[in-house]
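No value in this document is a laboratory result; all are computed from the given coordinates. Just so we're clear, the structure is a prediction, and the values are computed from it rather than from any experiment. We place every Cβ from the backbone using ideal geometry, glycine too, and count neighbours over all the protein chains shown.
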């Protein structure tokens, strides 16, 4: 095993490899980013709530109830805005800075007054949410958190997941904004929500029972107050003659390096980025370099961590770090399962899930094992839509854990 770390303030980054030398044509690696304790961040929360006709009844009721419940965790100095969207997007409250409990009461009244309307326009909701979050950051400081709740596919505005992902990248740019998407029920497009969340540096959550929606929403609002680094971007560079593969994350390739948008990191949070360095040319050693840039939400200044470097000789490995190998295998399996499900190759998906479940047990993660087994059970029962949605949500969830 090779290991190197950078002292934590406010981020700690460490790089582990599966072997202390390149054995054969590849070496597996695991990059870990850990958020340290910090003063409370100022949070600017934008709730984007789907008010389409399909949300009528208990779905809209519990979505509004969850938003209202999460407001109690916002404090004086935080910002808040409420957006409802259907065929178009409307800002129904804010943006406003919480200077007294009266601001929260006004927000609660506006949330309670939201009524349904025809259509679903996720593009308009995203543009309004990002623009509003930017305005709050400019006026109040801190970071922006967007929580988008929907139960259906867009039938107005842009509908293509890849184009919506590019739209998010364009509008967010380098702003300290994180987007979390919450899909309700079985009719929404999980790939679309996963693409939006990935581009926004957040997570995609699936809620099959609307009564449970308060859990992910409250968790995101609580997490917002603990963010120690926003707009975190990681660059991994390797020797010429090699190729870098990253699993579980969207990334951009630039010559001999890859760039990964991590989004925000909260205190006590561990972010894991696994991958492989593929050796394509004859080399005596393989060099790795990692740098991370981030914005400090308290000072609004951009800082760097690193460079963190490793040099691995090409030859027979004398020791193996199985932890790294199993982590890489797990993330790679989830990527392959998603592709198999998208191709409707459910036999292959079941084979991969069985392997992933075995890996989770080896890692000692019983909770993740149970969730993986549940997805396999849904596939076996022919509940394909629910299985796919849980899978996309879980693949997003495993990238972050508490220290």
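Does segment 100-144 come out rounded, prolate or oblate, given a ≥ b ≥ c as the square roots of the eigenvalues of its C-alpha gyration tensor, rounded meaning a/c under 1.5 and, failing that, prolate meaning a/b above b/c? Taking the square roots of the gyration eigenvalues as a ≥ b ≥ c, segment 100-144 is oblate.
Could you compute the FRET efficiency for residue 381 and residue 169, with r as their C-beta to C-beta distance and R0 at 41 Å, rounded to 0.05?
Values: r = 37 Å, r/R0 = 0.91.
Efficiency, from the Cβ-Cβ distance: 0.65.
Given axes a ≥ b ≥ c from the Cα gyration tensor, I'd like to know whether segment 183-241 is rounded (a/c under 1.5), prolate (a/b larger than b/c) or oblate.
Details: a/c = 4.00, a/b = 1.60, b/c = 2.50.
Oblate, since a/c reaches 1.5 and b/c is not below a/b.
With a simple spin-label model that places each label point 7 Å from the Cα along the Cα-to-Cβ direction, the separation between residue 351 and residue 105 comes to 6.4 nm.
For segment 269-315, what class follows from the C-alpha gyration tensor (a ≥ b ≥ c being the square roots of its eigenvalues): rounded when a/c is under 1.5, otherwise prolate if a/b is larger than b/c, else oblate?
Numbers: a/c = 3.89, a/b = 2.58, b/c = 1.51.
Cα axes put segment 269-315 in the prolate bin.
Across 299, 359, 178, mean-square fluctuation computed from a Gaussian network of the chain (C-alpha pairs under 10 Å connected) peaks at 299.
Only DSSP H runs of four or more residues enter the estimate; each adds -39500 (n - 2.57), and after division by the residues of the chain the mean residue ellipticity at 222 nm equals -11500 deg cm²/dmol.
Comparing mean-square fluctuations of 343, 243, 110 from a GNM of the chain with C-alpha springs under 10 Å, the top value falls on 343. Here the convex hull built on the C-alpha positions of segment 43-225 has a volume of 88 cubic angstrom per residue. The equivalent ellipsoid of segment 324-402 has semi-axes of 19, 12, 12 Å, largest first, where each one is the square root of 5 times an eigenvalue of the Cα gyration tensor. The residue 287 and residue 215 beta-carbon pair, evaluated with R₀ = 35 Å, returns a calculated FRET efficiency of approximately 0.20. Once the Cα-Cα distance is subtracted from the 0.36 nm per residue extended length, the residue 40 to residue 159 segment shows a gain of 39.1 nm. When the chain is treated as a GNM with alpha-carbon contacts under 10 Å, the residue of 241, 183, 200 showing the greatest mean-square fluctuation is 241.
What is the calculated FRET efficiency for residue 186 to residue 256, with r their C-beta to C-beta distance and R₀ = 45 Å, to the nearest 0.05? Could the numbers behind the result be given before it?
Numbers: r = 43 Å, r/R0 = 0.96.
Step by step, r from the Cβ atoms, then E = 0.55.
As a test, work out the antiparallel percent of DSSP beta bridges whose residues both lie in segment 43-225, rounded to the nearest 5. If we restrict to bridges inside segment 43-225, about 20 percent are antiparallel. With Cα atoms defining each centre, segment 237-285 and segment 183-221 are spaced 26 Å apart in the structure. If both residues of a DSSP beta bridge must be in the chain, then about 70% of such bridges are antiparallel. Between segment 353-403 and segment 39-55, the alpha-carbon centres lie 27 Å apart. Note on residue 309 and residue 88: their simple-model spin labels are 5.7 nm apart, each label 7 Å out from Cα toward Cβ. Ratio of Rg to Rh for segment 288-357: 1.19 [Cα atoms; Kirkwood radius as inverse mean 1/r over pairs]. Taking 7 Å steps out from each Cα toward its Cβ at residue 323 and residue 58 produces label points 4.4 nm apart.
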